[in-house]
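Visitor: What follows is a structure written as structure tokens; I'll ask about it next.
The values are calculated or read from the model by the stated rules, or taken from the named source; none is laboratory data. Every value quoted in this text rests on a predicted model; they were computed, and no experiment measured them. Don't worry about glycine lacking a Cβ; one is built from the backbone with ideal geometry, like all the others, and counts go over all protein chains shown.
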Amino acid sequence: MMTLAVRRRIKAVFVLMAVLSASVASAGDPLAGRRKALACQACHGLDGLSKLPDAPNLAGQPEPYLAKSLNDFRQGIRKNEQMSIVVETLKDGDVADLAAYYASIEISVKEK
């Protein structure tokens, strides 16, 4: 059985790991990403909430997931006619900024 002191140390280690991984993963600039997201708003909405049934919501998604998804479209790993056109001009910094912006949007779910 673990003592309270051991549990606290383990918890502190996990908190520290979460803080460190969050600071490393957030290399993009959310404000710059918001300006760049104007091209995304027709399908995904400036607020990251999709306006089309086939376009996913981006708001609140994890930043690494968003960056990987955009890079997968850029590399042709993921395929979508509209996304393939949009990502052609994106540079690495654009991807990081867009991922940071959409990840920074806080969402809430209301109960009915």
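Visitor: Please specify each residue of segment 72-81 satisfying the condition of being surrounded by 14 or more Cβ atoms within 10 Å (Cβ to Cβ) and either among the basic types (K, R) or out of contact with any Lys or Arg (no Cβ under 9 Å at 6 or more places or on another chain) (or both).
Guide: R74, R78 - these are the residues of segment 72-81 that are surrounded by 14 or more Cβ atoms within 10 Å (Cβ to Cβ) and either among the basic types (K, R) or out of contact with any Lys or Arg (no Cβ under 9 Å at 6 or more places or on another chain) (or both).
Visitor: Just the residues that are assigned to a helix (DSSP H, G or I) and among the hydroxyl-bearing types (S, T, Y), please, taken from segment 78-112. First the steps, then the outcome.
Guide: Just the residues of segment 78-112 that are assigned to a helix (DSSP H, G or I), to begin with: 81-87, 92-104.
Residues satisfying the conditions are S84, Y101, Y102, S104.
Visitor: Right, A67: touching a Gly at 6+ places or on another chain (Cβ under 8 Å), at pLDDT 95 or above, part of a loop (DSSP other than H, G, I, E, B) and surrounded by 13 or more Cβ atoms within 10 Å (Cβ to Cβ) or not?
Guide: Numbers: touching a Gly at 6+ places or on another chain (Cβ under 8 Å): yes; at pLDDT 95 or above: yes; part of a loop (DSSP other than H, G, I, E, B): no; surrounded by 13 or more Cβ atoms within 10 Å (Cβ to Cβ): yes.
Judged against the criteria, A67 is not a match.
Visitor: Might you check whether a residue that is at positive phi and buried (at least 19 other Cβ atoms within 10 Å of the Cβ) occurs anywhere in segment 47-63? Full working, then the answer.
Guide: Going through segment 47-63, the residues at positive phi turn out to be 48, 60.
From what is left, the residues that are buried (at least 19 other Cβ atoms within 10 Å of the Cβ) are 48.
Yes, there is a match, as at least one residue in segment 47-63 is at positive phi and buried (at least 19 other Cβ atoms within 10 Å of the Cβ).
Visitor: Looking at (1) closer than 13 Å to D29 by Cα; (2) surrounded by fewer than 17 Cβ atoms within 10 Å (Cβ to Cβ), find the lone condition where A103 falls short.
Guide: Unmet for A103, out of (1) closer than 13 Å to D29 by Cα; (2) surrounded by fewer than 17 Cβ atoms within 10 Å (Cβ to Cβ): (2).
Visitor: OK, next. In segment 45-101, what residues are within 10 Å of the chain's Cα centre (by Cα) and aromatic (F, W, Y)?
Guide: The answer is Y65, Y101.
Visitor: Related question: Name every residue in segment 44-64 that is in a loop (DSSP other than H, G, I, E, B) and touching a Lys or Arg at 6+ places or on another chain (Cβ under 8 Å), in order of residue number.
Guide: G45, L46 - these are the residues of segment 44-64 that are in a loop (DSSP other than H, G, I, E, B) and touching a Lys or Arg at 6+ places or on another chain (Cβ under 8 Å).
Visitor: Determine which single condition R35 fails, assuming it passes every other condition in (1) modelled with pLDDT of 65 or more; (2) surrounded by 16 or more Cβ atoms within 10 Å (Cβ to Cβ).
Guide: (2)
Visitor: Tell me, please, whether a residue that is in contact with a Lys or Arg (Cβ under 6 Å, 6 or more places away or on another chain), within 17 Å of V95 (Cα to Cα) and at pLDDT 95 or above can be found in segment 12-32.
Guide: Kept after step one, since they are in contact with a Lys or Arg (Cβ under 6 Å, 6 or more places away or on another chain), are these residues of segment 12-32: none.
No, that holds for no residue.
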